[in-house]
Amino acid sequence: MEPQNPQTSENLDSNPTSPSPANLVHKVKSNLVFQSKWAELNGAMGDLGTYIPIVLALTLAKDLDLGTTLIFTGVYNMVTGVIYGVPMPVQPMKSIAAVAISDGPDFNIPEIMAAGICTGAILLVLGATGLMQLVYKLIPLSVVRGIQLSQGLAFAMTAVKYIRKVQDFSKSKSKENRHWVGLDGLILAIVCACFIIVINGAGEERNERETGNVDDEERNMRIKRIKKTMANIPSAFIVFLLGVVLAFIRKPAVVKDIKFGPSSMEVVQFTSHAWKQGFIKGTIPQLPLSILNSVIAVCKLSSDLFPGKEFSATSVSITVGLMNLVGCWFGAMPCCHGAGGLAGQYKFGGRSGGCVAILGAAKMALGLVLGTSLVRILDWFPVGILGVLLLFAGIELAMTCRDMNSKGECFVMLICTAVSLVGSSAALGFVCGMVVHVLLKLRNYSSRDQSGCTVSINGTP
């Protein structure tokens, strides 16, 4: 879809001064204004390929309170939409979720929530003290791009796995190959992917060159009209709606399992063992990923996609910290922002805070009306369709890395990407990328120094 980035628009984060109530109301309205109603609705679907599988897995495997999670994440979506004015995503903390699913009975809801609270507290301190902004300024762009590329490719590879293999989310495992024909078959996923490609294409370049020839100008105008018409078709929303319909067709009896009303909200009871296990097994592996992908990469990607709306690492770190320091006490899934979710929502047309505000309102409504019984419907949602949505989100994130101009920058980026993917650790990839970047800088400095000495010697009479 064609980018629509208003250069003059403002966000609440970009102006640290205290505005008047009238100005504050104006900024809130401008942050929530729709660039295009159907495009914003379509963009709201761009993050569901990540959100639904992880939430479903934790609900099935660890009895996560889905109703409470939907209510809190809905509030997070609406608040971040108001604050930032862009489709800032709210995603599950993936490393904590992976540990919870794979660690068996020793890592349950209290440990999950303790890990989220500890991670949120550390991010809040890093943001409030200004250390996160310092880290953001010191990390070179090539290393950030390496993290983004590895995350984008990881999303894409996971998406292909969802499309090709039958998934058991409760055990986080792939099973046998998916059948070609069926209500969750390969053909369905391929048709949905082709539909999105035809409607959305590969994404529009910001600057399109125009020729002076009259015939070419007329042809360009026709092409632009066609693209504008197609851009108004909410492809991702249509695909997701198809998935909901197919879920009821696959299991009509699921209607009987639906119970109306929100689930009861209770404060999680923690033990010293839960805090210890949550910090060691959950917070320690999650923290590097949150810093790099949820804060640093998100800030850089937002400045790339929305040049008029740049956010400080301080504010993004604080919002992630506050989300978890509030919701995790009541059993809401640990959450963060994510570059992949932002790229996915942008890919499908999200351009304003109204995009995630729509999604947040929908989550709240589902959490209040259906509560935990919604898991019965999601359990029959075609996983291949979720894979298609996740695939385009991953590719969009990976494509933001195409601005590396020099061979040295590409070298650092690819080293960082390769280590992150093979080692399954963004922290390890980050360290390797930083080491390579420093070594290249020292090498270039040494070469310039030797060149200067040679010139000085040769110029001596």
Checklist entry - Given H placed on each backbone N at 1.01 Å, which residues far from LYS165 in sequence or on other chains put an amide H within less than 5 Å of it? => result ARG178
Next on the checklist: I want to check the label-to-label distance for LEU241 and VAL25. Put each point 7 Å from Cα in the C-beta direction and report it in nm to one decimal.
Outcome noted: 3.5 nm
Checklist entry - Given the Cα-Cα distance of VAL422 and LEU134 and 0.36 nm per residue of separation, how much length would full extension add, in nm? => result 100.8 nm
Next on the checklist: Could you give each residue of region 69-76 its phi-based ³J(HN,Hα) in whole Hz, using Karplus coefficients 6.51, -1.76, 1.60 with θ = phi - 60°, and x for Gly or Pro?
Outcome noted: 4, 5, 5, 5, 5, x, 4, 4
Checklist entry - Quick one: which of 84-96, 31-43, 254-266, 156-168 comes out on top by average Cβ neighbours within 10 Å, and what's the full order, highest first? => result 84-96, 31-43, 156-168, 254-266
Checklist outcome for this item: Heavy-atom accessible area with a 1.4 angstrom probe orders HIS437, HIS179, most exposed first, as HIS179, HIS437
Next on the checklist: Rounded, prolate or oblate for region 39-142? Axes are the square roots of the Cα gyration tensor eigenvalues, ordered a ≥ b ≥ c, and the cut-off for rounded is a/c under 1.5.
Outcome noted: oblate
Checklist entry - What is the extension gain from CYS410 to SER303, computed as 0.36 nm multiplied by their sequence separation minus the C-alpha to C-alpha distance, in nm to one decimal? => result 36.5 nm
Checklist entry - Tell me, what is the FRET efficiency for VAL191 and VAL326 to the nearest 0.05, using R0 = 41 angstrom and their Cβ-Cβ distance as r? => result 0.50
Next on the checklist: Suppose only helical runs count, i.e. DSSP H with n ≥ 4. What mean residue ellipticity at 222 nm does that imply for the chain under -39500 (n - 2.57) per run, divided by all residues and rounded to the nearest 500 deg cm²/dmol?
Outcome noted: -21000 deg cm²/dmol
Next on the checklist: Can you compute 3J(HN,Hα) from phi for each residue in region 102-108, using the Karplus curve 6.51 cos²θ - 1.76 cosθ + 1.60 with θ = phi - 60°, rounded to whole Hz and x for Gly and Pro?
Outcome noted: 8, 8, x, x, 7, 9, 10
Checklist entry - So how do 240-249, 64-73 stack up, highest first, on mean other-Cβ count within 10 Å? => result 64-73, 240-249
Checklist outcome for this item: Treating only Lys and Arg (+1) and Asp and Glu (-1) as charged, each at its beta carbon, one finds that the chain has a dipole about its Cα centre, in Debye to the nearest 20, of 460 debye
Checklist outcome for this item: For CYS336, the residues 5 or more places away or on another chain with a placed amide H closer than 5 Å to its own amide H are GLN91, MET93
Item to check | HN-Hα J in Hz across region 403-413 - Karplus 6.51, -1.76, 1.60, θ = phi - 60°, x for Gly and Pro | outcome: 8, 6, 8, 8, 5, x, 5, 4, 4, 4, 4
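Take GLU409, GLU310, GLU217 and sort them by solvent-accessible surface of the protein heavy atoms, 1.4 Å probe, largest at the top.
GLU310, GLU217, GLU409
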Checklist entry - How much length is gained if the chain between ALA121 and LEU141 is pulled fully straight, taking 0.36 nm per residue apart and subtracting their Cα-Cα distance, in nm to one decimal? => result 4.5 nm
Checklist entry - Does region 106-204 come out rounded, prolate or oblate, given a ≥ b ≥ c as the square roots of the eigenvalues of its C-alpha gyration tensor, rounded meaning a/c under 1.5 and, failing that, prolate meaning a/b above b/c? => result oblate
Checklist outcome for this item: Share of accessible surface on carbon and sulfur in the chain, whole %, 1.4 Å probe and ligands ignored, is 65 percent
Checklist entry - Given [x] 96, 69, 57; [y] 78, 51, 35; [z] 83, 75, 50, which label gives Cα extents along the principal axes in Å as computed from the coordinates? => result [x]
Checklist entry - Once the whole set of protein chains is in place, how much accessible area is left on CYS410, using a 1.4 Å probe, in Å² to the nearest 10? => result 40 Å²
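The values are calculated or read from the model by the stated rules, or taken from the named source; none is laboratory data. Quick caveat, the model's predicted, so the values are computed rather than measured. Neighbour counts are summed over all protein chains in view; Cβ atoms, including those assigned to glycine, are modelled from backbone coordinates with ideal geometry. Surface accessibility is based on the protein's heavy atoms, side chains included, excluding ligands, DNA and RNA. Shrake-Rupley method; radii C 1.70, N 1.55, O 1.52, S 1.80 Å.
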